[in-house]
Structure formats: structure tokens, C-alpha cells
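Data first, discussion second: the structure below is written as C-alpha cells.
The values are calculated or read from the model by the stated rules, or taken from the named source; none is laboratory data. None of the values given here were measured: they were computed from a predicted structure. For the accessible areas, the whole protein counts, side chains as well, though only heavy atoms, and no ligand, DNA or RNA atoms are used. Shrake-Rupley method; radii C 1.70, N 1.55, O 1.52, S 1.80 Å.
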Amino acid sequence: MEFIKFNEHRPKDGQRCLVMDKYEKRVRILTFNAYDECWDDEEADDYLCDIDRIDLWQPLPIYYEMEDMK
């Protein structure tokens, strides 16, 4: 699966994504919060309020989401 440019298409609200942090140059898993226009961490805190910091994202693989539900 390829990364999607955030400025071309945004994830759904509440969708957990694999994201690329363009300042730290690393990949992490965050949840998109459309209401607050930010990225949430695992505790649902508004982790990244600088929404432009994430320029690339992709949905998590289905397997990862299923394992997370256990």
C-alpha cells in the first residue's frame, strides 16, 4: 500500500493510520481527529495539533486492526 498525501485526501474521523512525520522523519501510528483538526495518540490526547506536520498517511492493514481488538 502506498502513502497518501494529506493535503490531497484526509482520513476518516477516528481512523488509525500509519503516518509520516515530516519534521522528525519517522513513521508512527496515530488517530485522525477531524473535529479538533489534529492527530491523537493512543490515549486520545490531542498529540499533534500542528496538523501540517503529517504530510503522508495510509490506513493500517486490516490484520493490525484485528490484532488491536483482542
*Ordering Glu37, Glu42 by how much accessible area each has at a 1.4 Å probe, largest first, what is the list?*
Glu42, Glu37
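Could you calculate the contour length gain from Glu37 to Lys22, that is, 0.36 nm times the residue separation minus the distance between their Cα atoms, to one decimal place in nm? List each step's numbers first, then the result.
Working: separation 15, 0.36 × 15 = 5.40 nm, distance 1.74 nm.
Full extension from Glu37 to Lys22 adds 3.7 nm.
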*Using a probe of 1.4 angstrom, how much of the accessible area of the stretch 1-62 is carbon and sulfur, in percent?*
50
